[in-house]
Each structure stands twice: as C-alpha cells, then as structure tokens.
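What follows is a single structure, and I will ask about it in a moment.
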Ligand code: ADP
C-alpha cells in the first residue's frame, strides 16, 4: 500500500478565515490529509481563543477525517517529521507573502530536506482577507462574518 500523502498547513490562524479554508479545500485535492497546525506560544497572547478556534475549524470542515487540527510550539520542520508529513502547504496572496514565504521555505528545506513546501496562489475573491484586518474589524465591533467560514 502506498503511504498517504500528508501535508501540514501551519499558521497562526488568529482567526482562521475563508482564505485559509480555500487553501485547505484545494490542498485536499492534492493530498490525502491536511493537518492544520496552529502555532501557539503560551507567552504570546492571541486575540481569538485557541480552543474556540480549534472547535470552529473542525466545524467548518464538518469534522471531516481528511483534516486534523493541532496546536504546536516547535519548529514546523520538526512537527512534519513527527507527523510523517512530506509537504508544507502555504498560501500566496501577493509579493509581500512571496518574500516572506520564500525565506521560510529555504530555512525549512535546510532543517528538513525531505520537506517540500507547496504554494497555492490565493483565489482572487479571498486575496484581500487577512487575519490582522479581521481582528481590527472585530475589535471595533464591525461585522466579520463575511470573511469567516463559521459563525463566531
Ligand atoms: P502566519 O502567521 O504563519 O503568516 P497566517 O495564519 O496568517 O499565519 O497564514 C497561514 C498561511 O495562510 C500563510 O501561508 C498565509 O500566506 C496564508 N494565507 C493567509 N491569508 C490568506 C488568504 N486570504 N488566502 C490564502 N492564503 C492565505
């Protein structure tokens, strides 16, 4: 039997947006399983509660077995080894993302040569969505429901 193709999708997901959902759905066309890995350092304060976010992400995917949601406080390259994942999934919105992602991908390759970073270009309808803007809108009581794949 061939090994299942597992991809990690690491990020802060504070919050997980429709843009992230789109990357996961498209990732599932390429991989058997996508593990959504919420990077979390207990010393760093999040805006959206991490347990709530885990619950909401699972809800967004109808608790599908093809996705898993985990939190981690480690190198992504190490986490990939633990999950036997050969792929890292990342989304690219623009050239700013590219500059940043390029550096991370180079470092990850040095840390774990078996790991390939796979980039998906953002669907245009979600390209303007960023977690930081959503936090800002939410902080001042604006409506964020159009940007999230679940109800808060
Ligand atoms: P990080 O803090 O690691 O940048 P994010 O949670 O902001 O984590 O993003 C995780 C991944 O999702 C990154 O690859 C980022 O480029 C991608 N991403 C963020 N917003 C969108 C979006 N609107 N559409 C597609 N990909 C996105």
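Calculate the FRET efficiency for residue 5 and residue 111 from the Cβ-Cβ distance with a Förster distance of 25 Å, rounded to the nearest 0.05.
0.75
Okay, next question. In a Gaussian network model over the chain where Cα atoms closer than 10 Å are linked, find which of 20, 138, 40 has the largest mean-square fluctuation.
Result for the chain, Cα springs under 10 Å: 138 fluctuates most.
Next up: So for the stretch 6-145, what percent of the C-alpha to C-alpha distances run longer than 23 Å?
It works out to 33 percent of all Cα pairs.
Would you mind getting me the FRET efficiency between residue 140 and residue 30? Use the beta-carbon distance for r and R0 = 35 Å, nearest 0.05. Please report the intermediate quantities before stating the final value.
On the way: r = 38 Å, r/R0 = 1.08.
Computed FRET efficiency for residue 140 and residue 30 comes out at 0.40.
Among 11, 142, 91, whose mean-square fluctuation peaks in a Gaussian network model of the chain (Cα, cutoff 10 Å)?
Comparing 11, 142, 91 in a Gaussian network model of the chain, the most mobile one is 142.
Oh, and also: Out of 137, 70, 24, any idea which swings most in a Gaussian network model of the chain, alpha carbons joined below 10 Å?
With Cα springs under 10 Å in the chain, the top fluctuation among 137, 70, 24 is at 137.
Now for a different question. Suppose R0 equals 22 Å. What FRET efficiency, 1/(1 + (r/R0)^6) with r the Cβ-Cβ distance, do residue 133 and residue 52 give to the nearest 0.05?
After rounding to 0.05, the efficiency reads 0.70.
Can you classify the stretch 23-77 as rounded, prolate or oblate using the Cα gyration tensor, where a ≥ b ≥ c are the square roots of its eigenvalues, rounded means a/c under 1.5, and otherwise it's prolate if a/b beats b/c and oblate if not?
On the way: a/c = 2.72, a/b = 1.51, b/c = 1.81.
It comes out oblate by the Cα gyration axes.
Throughout, read-outs are computed from the coordinates displayed, never taken from laboratory work. Everything quoted here is computed from the prediction, not taken from an experiment. Positions of Cβ are backbone-derived with ideal geometry, glycine not excepted, and every protein chain shown enters the neighbour counts.
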